[in-house]
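*Asks:* One structure coming up, written as structure tokens, with questions to follow.
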Amino acid sequence: MTDTEITPTATYCYVHPGRETSLRCKRCEKPICASCAQRTPTGYMCKDCVNQHQKIFDTAVWYDYLTVFFTSAILSGLAAVATIIITSIIWGFFIIGLAPLAGTMIANVTRRFVKNHRSPMLNTTLVVGMILGALPVLLLSGLPGLLTLLGGGGNVMGSVVSFSPVLWQIVYLVIATPMAYSQFSGLVFRR
Ligand SMILES: [Zn+2]
Ligand SMILES: [Zn+2]
């Protein structure tokens, strides 16, 4: 990717006429200095273009946030319960393969509910929903381990084993959340 192209004649930032620059806005091609350039997934843009761009893509309405939050929280809670079931009766490492699928599923279902409404805050809401949705399950799964530890019963190895449900919950969240986020927000720049 060539973000910087050296132009033979000196160009100056359109906001700061005193600053010589070789950077150009990807969208309107106006020369911009380093402090005016905003990094976007498609290259550098001037502040005006970024603002316009965001207005076009910020189509979320207030209840979209509620929809995204509750959908992702409920689905993430279910996925967290599934994580406990899978890691305790089948095989813990299964979750490494299943968590990305869970993340993709959560993103797709949530996306369907809010149609094409988009905004950066909506993406954040999805992440918050997923974490908060899984949190009660995570805390509950840590309870037996905590009781063992507080009761002084069992050895160190025993406590580590009894905390393993918590670790799998964290593995699920660490894999599924970024996956869901990229799926949910990545569609922004797709035609
Ligand atoms: Zn521009
Ligand atoms: Zn400038």
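The values are calculated or read from the model by the stated rules, or taken from the named source; none is laboratory data. Small disclaimer: the values here were computed from a predicted structure and weren't measured. Note that we place each Cβ from the backbone using ideal geometry, even for glycine, and neighbour counts take in every protein chain shown. Calculation scope for accessible area: heavy atoms of the full protein, side chains included, ligands and nucleic acids excluded. Shrake-Rupley method; radii C 1.70, N 1.55, O 1.52, S 1.80 Å.
*Asks:* Kindly indicate whether G103 is open to solvent by less than 30 Å² (accessible area, probe 1.4 Å) and not aliphatic (A, V, I, L, M).
*Replies:* Numbers: open to solvent by less than 30 Å² (accessible area, probe 1.4 Å): yes; not aliphatic (A, V, I, L, M): yes.
Considered against the rule, which asks whether it is open to solvent by less than 30 Å² (accessible area, probe 1.4 Å) and not aliphatic (A, V, I, L, M), G103 comes out as yes.
The rows are residues; the columns are (1) within 16 Å of ligand 1 (Cβ to nearest atom); (2) over 30 Å from V15 (Cβ atoms).
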position: K30; (1), (2): yes, no
position: I74; (1), (2): no, yes
position: V81; (1), (2): no, yes
position: W91; (1), (2): no, yes
position: I106; (1), (2): no, yes
position: S119; (1), (2): no, no
position: T124; (1), (2): no, no
position: V127; (1), (2): no, yes
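*Asks:* Being assigned to a helix (DSSP H, G or I) and either at pLDDT 90 or above or within 30 Å of H53 (Cα to Cα) (or both) is true for just one of V166, V160, V174. Which residue is that? Give the steps one after another, and end with the answer.
*Replies:* Details: V166 fails: either at pLDDT 90 or above or within 30 Å of H53 (Cα to Cα) (or both); V160 fails: either at pLDDT 90 or above or within 30 Å of H53 (Cα to Cα) (or both).
Going through V166, V160, V174 in turn, the sole match is V174.
*Asks:* Can you say whether P31 is of a type outside the set (G, A, S), surrounded by 19 or more Cβ atoms within 10 Å (Cβ to Cβ) and farther than 22 Å from G186 by Cα, as far as the supplied structure shows?
*Replies:* Working: of a type outside the set (G, A, S): yes; surrounded by 19 or more Cβ atoms within 10 Å (Cβ to Cβ): yes; farther than 22 Å from G186 by Cα: yes.
Spelling it out, P31 is indeed of a type outside the set (G, A, S), surrounded by 19 or more Cβ atoms within 10 Å (Cβ to Cβ) and farther than 22 Å from G186 by Cα.
*Asks:* With respect to the numbered conditions (1) of a type in the set (K, R); (2) modelled with pLDDT of 90 or more; (3) within 14 Å of ligand 1 (Cβ to nearest atom); (4) open to solvent by 90 Å² or more (accessible area, probe 1.4 Å), which one is the sole condition not fulfilled by R39?
*Replies:* (2)
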